[in-house]
Structures are given as structure tokens and as C-alpha cells.
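**Student:** Can you keep this structure in mind? I'll have questions shortly.
The values are calculated or read from the model by the stated rules, or taken from the named source; none is laboratory data. Just so you know, these numbers come straight off a predicted model, no measurement behind them. We place every Cβ from the backbone using ideal geometry, glycine too, and count neighbours over all the protein chains shown.
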Amino acid sequence: MASATARVRCLVVGRYPEPDLDLVQHLAGPEVELVVIPPEQSSAEVGPVDCIWMLFSGRLVGVSSDPFVEALAAHPEVRWVHTVSAGLDQMAELLAGRPGIILTNSVGVVAIPIAEFVVGCLLQHCKRYPELWAHQGQHSWEVLPLRELGDLRVVLFGLGAIGTATARLLAPFGARVVGVRRHPDLGGDGLVQSVHPQEDFQLVCQGADAVVLAAPLTAETRGVVDDRLLAQLNQGSCLVNIARGGLIDELALLSRLRSGPLQAAYLDAFEEEPLPPGSPLWDAPGVFISPHVSWSSANFTRRTCELFGEQLRRFAQGQPLRNLADPVRGY
């Protein structure tokens with residue numbers, strides 16, 4: 001999509017989501033040229049580019065990042081990379097030796113569907129839908145004791161776009177929500193009862209009914225959900241992970257599901273994806289697995305393209321970019 005007035009060339013790398021190039025071009029303006037090449041063509045053949053839009057490559061899970069690696073190697077002149085993902089997995093390694101590159105991500109694009117997914121997990125935990133429907137299959141009129149979301153003390157580990165959206169959706173239910181974030185001085189938009197630093201996560205989890213993981217995976221957060229933390233939860237509590245599998249000590253999780261106090265774990269992210277068929281998580285009592293789909297929404301492509309189109313306009317006009325990220329820091 002070349003333009004006679006284009007002065008910024010953007011290489012589009014990857015295949016998912018299939019971008020609405022017309023929308024991106026409209027938002028970016030005539031100063032931008034979107035360079036799209038077929039999968040079989042080398043990105044080295046397109047000439048100099050100023051930035052790379054990194055879409056998902058191949059399958060959505062278990063994907064190869066080779067097209068992006070090739071593009072980076074072929075274009076040392078690149079000044080900016082924007083990734084369709086909110087997470088920065090492997091970015092520190094991929095951008096090593098390229099400190100001058102600006103990196104931005106797509107934080108906020110999937111906050112609404114993920115927050116809804118979290119609330120759905122918490123509702124299932126309180127309302128026991130699978131058990132009720134299992135009794136239906138047995139033709140059994142079994143009355144089960146249920147709970148209300150307003151009775152829960154919920155700890156949100158991470159108060160970025162996703163954590164904040166989750167707190168906002170939980171507010172009408174009356175749940176007692178507390179937040180944990182790396183920079184507690186940023187607050188919680190008035191949506192949580194209190195905000196605590198990451199180093200106080202275990203302390204905050206004492207007496208929690210639900211813990212929701214919505215933080216990036218970094219050196220500091222890897223394995224943060226361990227046996228000590230899980231032991232401090234209330235009996236019958238649950239864990240929801242829509243972030244990264246590496247946040248959880250898997251052996252401790254399985255142990256606490258057997259012995260308590262943890263009753264259920266709703267897992268949408270795993271250390272290895274796809275989750276291997278031999279993983280003990282598949283058959284562990286109290287574990288509910290979804291294949292990293294909490295982000296899924298019919299609005300995903302539109303929101304992704306709207307964000308990037310606006311970013312391209314800013315870049316072409318020399319304006320500050322949104323969603324600046326640090327690959328070394330991990331977010």
C-alpha cells in the first residue's frame with residue numbers, strides 16, 4: 001500500500017490476526033507505507049523499513065518467531081517494533097544488541113474479554129455450574145450450597161489494563177478486591193480497597209478466597225505462587241491464571257489442590273504451550289483448563305488495528321508513542 005507522500009515504511013510480519021490494512025492505512029495517514037509480503041518471500045527483499053508490526057506467526061500457540069527474527073536481522077535500520085501481544089516473551093533475547101529500537105506492545109486490546117473470562121471463572125467457583133449440570137445428567141435433584149461474589153476477598157496480582165478491567169467488572173458484585181502491583185503508588189483507579197507492592201504478595205494473600213494472576217512474567221515474578229502462598233489462602237479458595245504459566249510453582253499447585261486449602265485452579269496459561277498430553281494438570285481434580293483463549297473476542301482484530309493505526313500516525317508525525325515497553329524489564 002504505497003503512497004506518493006509516504007516517508008515511513010512499515011513492514012508487517014506474521015499472519016494473525018489477518019489485519020484490516022485499509023483501517024490501519026486510514027488511521028495512519030498518507031505518510032505511511034505498509035509493506036506486506038507473502039510468507040514465502042524474504043523480508044530482506046523489500047528495501048529499507050522504519051518499523052516492524054509483529055503479528056502472531058503460524059499457529060497462535062506454539063508459534064515460531066522465525067519471520068520476526070529474519071526481519072530484524074535483515075533490517076538493522078529499524079527504529080521501532082510494535083508487537084500484537086501484550087506480553088514480551090523472548091523480546092529481551094530477540095532485541096539484544098539493538099538498544100536503540102523503540103518497543104511498544106498491545107496492552108489494553110484484550111483487557112475486556114480477559115476480565116470477563118476471569119469473572120466467569122469466579123462465578124463458576126461460587127455457583128458450581130459443572131456440579132449442578134453433572135447432577136442433571138444423573139437425573140438427580142441435588143441442592144448444593146452456593147456462594148455470592150460479594151462474599152469473596154479477591155487478590156489481583158497485577159493492576160495493569162487487565163487487572164484494572166477485572167476490578168471494574170467485580171465492583172458491582174461487591175467483592176472485596178485488593179491489588180498488588182510493582183508500583184503501588186500508581187494506585188488502583190479507586191476500584192480496589194488497597195494497593196500493595198509485589199514483595200507483600202504473600203502477606204496480602206492471607207485469608208484470600210480468590211487470587212487472580214494478571215502480571216507479566218519477569219525474573220521477580222517467576223514462581224511467585226508457591227507452597228507458602230497457597231497455604232495462606234482460605235479453605236475452598238481458587239486461583240485464576242490468565243497471565244503466564246511461569247508465575248506458578250506447578251508442583252506446589254497440585255499438592256495444595258490435593259491437601260487444601262485450594263479447591264480450584266482455572267488455568268488459561270502454562271509454562272509449556274500447547275500443554276503436553278502427559279501433563280498431570282489435565283486430570284488433576286479441581287483444575288479447569290482452557291487453551292490460552294481468555295483474550296478471544298470478535299473485536300480483537302478491530303481493536304488491534306485501531307491501536308496500531310494510531311501508533312503509526314504518531315510515529316510518522318514524530319509524536320510520543322503509547323504502550324512503551326522494556327524488553328529487559330518484561331513489560
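**Student:** Of all the residues that make up region 294-331, how many are modelled with pLDDT under 95 and surrounded by fewer than 17 Cβ atoms within 10 Å (Cβ to Cβ)?
**Tutor:** 3
**Student:** Between V107, V119, which is touching a residue at least 40 places away in the same chain (Cβ under 8 Å) and part of a loop (DSSP other than H, G, I, E, B)? Write out each step before concluding.
**Tutor:** On the way: V119 fails: part of a loop (DSSP other than H, G, I, E, B).
The unique qualifying residue is V107.
**Student:** When you go through R329, R314, R302 one by one, which is the residue that is closer than 30 Å to G97 by Cβ and under 21 Å from the mean Cα position of the chain (by Cα)? Walk me through it before giving the result.
**Tutor:** Working: R314 fails: under 21 Å from the mean Cα position of the chain (by Cα); R302 fails: closer than 30 Å to G97 by Cβ.
The unique qualifying residue is R329.
**Student:** What tally of residues in region 170-210 results from selecting those that are part of a helix (DSSP H, G or I), buried (at least 18 other Cβ atoms within 10 Å of the Cβ) and within 22 Å of the chain's Cα centre (by Cα)? Write out each step before concluding.
**Tutor:** As a first pass, look at region 170-210 and keep what is part of a helix (DSSP H, G or I): 170-173, 184-186, 198-204.
If we keep only those that are buried (at least 18 other Cβ atoms within 10 Å of the Cβ) as well, we get 170, 198, 201, 204.
Filter again for within 22 Å of the chain's Cα centre (by Cα), leaving 170, 198, 201.
Summing the residues that are part of a helix (DSSP H, G or I), buried (at least 18 other Cβ atoms within 10 Å of the Cβ) and within 22 Å of the chain's Cα centre (by Cα) in region 170-210 gives 3.
**Student:** Considering only region 131-160, how many residues are touching a residue at least 40 places away in the same chain (Cβ under 8 Å) and within 16 Å of Q263 (Cβ to Cβ)?
**Tutor:** Residues in region 131-160 being touching a residue at least 40 places away in the same chain (Cβ under 8 Å) and within 16 Å of Q263 (Cβ to Cβ): 5 in total.
**Student:** Please go through region 211-248 and give me each residue that is hydrophobic (A, V, I, L, M, F, W, C) and surrounded by fewer than 17 Cβ atoms within 10 Å (Cβ to Cβ), ordered by number.
**Tutor:** Our first condition is that a residue be hydrophobic (A, V, I, L, M, F, W, C); within region 211-248, this holds for 211-215, 217, 219, 224-225, 229-231, 233, 238-240, 242-243, 247-248.
Matches in region 211-248: A219 only.
**Student:** P285: in contact with an Asp or Glu (Cβ under 9 Å, 6 or more places away or on another chain), assigned to a loop (DSSP other than H, G, I, E, B) and closer than 25 Å to C238 by Cβ, yes or no?
**Tutor:** Here the answer is no, as P285 does not meet what is asked.
**Student:** Among the listed residues L122, L95, L146, identify the single one that is loosely packed, with under 13 Cβ neighbours inside 10 Å and either among the hydrophobic types (A, V, I, L, M, F, W, C) or more than 30 Å from L307 (Cα to Cα) (or both). Working first, answer last.
**Tutor:** Values: L122 fails: loosely packed, with under 13 Cβ neighbours inside 10 Å; L95 fails: loosely packed, with under 13 Cβ neighbours inside 10 Å.
Only one candidate passes the filter, namely L146.
**Student:** Are any of the residues in region 244-262 part of a helix (DSSP H, G or I), touching a strand residue (DSSP E or B) at 6+ places or on another chain (Cβ under 9 Å) and basic (K, R)?
**Tutor:** Looking for residues that are part of a helix (DSSP H, G or I), touching a strand residue (DSSP E or B) at 6+ places or on another chain (Cβ under 9 Å) and basic (K, R), one finds at least one in region 244-262, hence yes.
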